[in-house]
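To keep things clear, I will list the structure first and then write my remarks on it.
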Amino acid sequence: MNDARKSAWDKLALHPDPTLTELFAGDPGRVDKLGGRIELGANGILFDWSKTHLTDDLIADFEELAKAANFDEMRRRLFAGEVVNPTENRAAEHTALRSVGKESSVEEAEALRARMQMLVEAIHDGALGEVNHLIHVGIGGSALGPALAVDALARDFPKVDVHVVSNIDGVALEEAFAACDPHTTLIAVASKTFTTIETMTNAQSALKWLENNDVADPTGKVIALTAAPEKAVEWGVDETRILPFAESVGGRYSVWSSIGFPVAIAIGWEEFQQFLDGAAAVDRHFRDTDGAANLPLRAAFADLYYARIKGAETRAVFAYDERLGLLPDYLQQLEMESNGKSVTADGEPVDGPTAPITWGGVGTDAQHAVFQLLHQGTHLVPIDFIASVEPGDALDPAHHRILLMNCFAQGAALMAGKQSDDPARSYAGNRPSATILCDDLDPATLGALIAFHEHRTFANAVLMGINPFDQFGVELGKEIARKIEKGGERFDPSTEALLSLAGLAE
Ligand code: F6P
């Protein structure tokens, strides 16, 4: 770590420790100061960080840290399409997919998007016959984004019934088969590398399902979404059914590319474009706003204050919106696969804890399951609450009113606490939370929410000095699974015994 970064961290550790209640009492402007909006045309999102322990002094020292960590230059490189993933010598060009980035990359992305639009609209217009269902097979970044976006948006913009299948466990695929008519179903095979064993096995079984059901031209029903089009051709997909994307787009940042095809099929092209436009609004905010007024950067300041200075080992996200039920899963991959590292971008051991464990759920359900620990347990867990002012349902407005009142009540209770003579009935309070309040959860808002978290993850990585764009940690397990399959290797006694019990030993 360079000296400037070390002294910035040292300074951050020396700050006084006022309670949240004291901070509000001492600064009447706190709500405005630590709440910021990003506008998205008709709607917008409020990012309220006032119930965190950020202060003017802390922010000033985090801004020093950002300087020492070369944040402005790293951000410039990200948007310029320069190498920001040194271990793989790659750029990370997900913003170009939203038309914000290096000109030639934006042009390339727009040309690929135009091709995807043609296929999506042709399918909606019946060019591939009657299509009522799409089974999307992919895993990790090739599944989590589509699953989240389809789950969140398809109920408001229903076009085609989409099922996302990721697990190699055949139960997942069988469940999708049971919900679809093979004669009106398309199969999307989503894999950046087109080699991932789960996806390729599921793709074969899905193709066989079409064949076994006497579907005419089964391979003609398969659409490949990949950065390795030559492998899709080898596999047997017709070239007209291949939607490529650039190698410089990382798997967990790929829902904006052709990996988002099932989203466009589910909700319509115009709505998919709005999803990209919402993300682009956040890109411009992140690219053009300096210091703590930059909302993803400000969020990263709070993240690191809790993870590094206060020793928080987890961070929880509670969506008070049934449509965002898959958001915690999505954020787990984004944050933990990006920043769950032990070495810096220079290959040195990191100088403190990196990404906390991301977890969460939906409100109000979670209140009746895990909030006991959050209010009275011994762990420090910074929380994000996410909600929408406009309801997603058309029932009695009481539903949404009660949902939102509960969301805001939790943040207030965590912060204020309550003293009692009975220790079992006491709440310590001073527990931090942030609230992300959307005007309405439309496609642009969902795009903006995801992009906000991408940039927050990037900002965290830069401040810690790590490379968020590789994921070598997932390789070893895959390698051993391949060795088991191949045979001829011995493993530890426990693994040998398990293999033998499951009938997998040689
Ligand atoms: O699990 C590791 C990983 O490489 C993820 O980063 C990626 O999103 C996923 O596997 C799927 O990879 P692919 O899109 O190449 O099938």
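The values are calculated or read from the model by the stated rules, or taken from the named source; none is laboratory data. Note that the coordinates shown come from a computational prediction; the quantities given were computed from them, not determined experimentally. Here the Cβ is made from the backbone with ideal geometry for all residues, glycine too, and neighbour counts use every protein chain on show. Note: areas computed on protein heavy atoms with side chains; ligands, DNA, RNA excluded. Shrake-Rupley method; radii C 1.70, N 1.55, O 1.52, S 1.80 Å.
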ask   = Roughly speaking, what is the stretch gain from Thr495 to Glu348, that is 0.36 nm per residue apart minus the C-alpha to C-alpha distance, in nm to one decimal?
value = 49.7 nm
task = State, in angstrom, two size descriptors of region 14-132 derived from its alpha carbons: Rg to one decimal place and Dmax to the nearest whole number.
result = 22.3, 67
query = In the chain, how does Rg compare with the Kirkwood Rh, expressed as the Rg/Rh ratio over alpha carbon atoms?
reply = 0.98
key: Anisotropy class of region 455-506 from Cα gyration tensor, a/c 1.5 cut   = prolate
inquiry  = Using the crude model of +1 on Lys and Arg Cβ and -1 on Asp and Glu Cβ, and no other charge, please compute the dipole size for the chain relative to its Cα centre, in debye to 20.
reply    = 860
remark   = Per residue, the convex hull enclosing the Cα atoms of region 1-75 spans a volume in Å³ of 103
ask   = Counting only Cα, what are the radius of gyration and maximum Cα-Cα distance Dmax of region 389-506, in Å?
value = 25.0, 66
Proximal lysines to Lys11, defined as alpha-carbon separation beneath 16 angstrom and excluding residues fewer than eight positions away on the same chain = Lys67, Lys310
message = What whole-number distance in Å separates the alpha-carbon centres of region 219-255 and region 326-401?
response = 32
query = For region 359-467, what is the charge dipole size about the Cα centre, in debye to the nearest 20, if Lys and Arg each add +1 at the Cβ and Asp and Glu each add -1 at the Cβ?
reply = 480
request  = Filter the trypsin sites (Lys or Arg not before Pro) in region 397-506 to those in DSSP coil with at most 10 other Cβ atoms within 10 Å of their Cβ, and list the result.
outcome  = Arg490
query = What is the packing order of peptides 156-168, 182-194, taking the mean over residues of other C-beta atoms within 10 Å and listing the highest first?
reply = 182-194, 156-168
ask   = So what is log10(I(q)/I(0)) for region 387-428 at q = 0.22, 0.31 1/Å, when the Debye sum runs over its Cα atoms only?
value = -0.72, -1.02
ask   = Span-like helices, the chain: DSSP H, alpha-carbon axial extent 20 Å or more, mean Kyte-Doolittle -0.5 or greater, which ones?
value = 103-124, 197-212, 398-416, 443-464
remark   = So the FRET efficiency between Gln372 and Arg37, C-beta based with R0 = 30 Å and rounded to 0.05, is 0.35
Residue-normalised accessible area of region 73-213, given per residue in Å² at a 1.4 Å probe = 43
task = Find the centroid of the Cα atoms in region 159-204 and in region 431-506, then give the distance between the two in whole Å.
result = 20
inquiry  = Which residue, Val162, Ser7, Gly360, has the largest displacement toward the positive end of the dipole of the chain when charges sit on each Cβ (Lys, Arg +1; Asp, Glu -1)?
reply    = Ser7
task = Quick one: pull the percentage of alpha-carbon pairs in region 245-346 with a separation above 21 Å.
result = 52
inquiry  = What is the ratio of the Cα radius of gyration of region 136-242 to 2.2 N^0.38 Å, with N the residue count, to two decimals?
reply    = 1.01
request  = Give me the percent of the accessible area of the chain that comes from carbon and sulfur atoms, probe 1.4 Å, all protein chains in place.
outcome  = 53
Solvent exposure ordering (accessible area, 1.4 Å, most first) of Phe301, Phe491 = Phe491, Phe301
request  = Taking amide H positions as placed in the peptide plane 1.01 Å from N, state which residues far from Gly35 in sequence (5 or more) or on other chains have amide H under 5 Å from it.
outcome  = Trp49
Over region 66-153: Rg over Rh, Cα atoms, Kirkwood Rh = 1.10
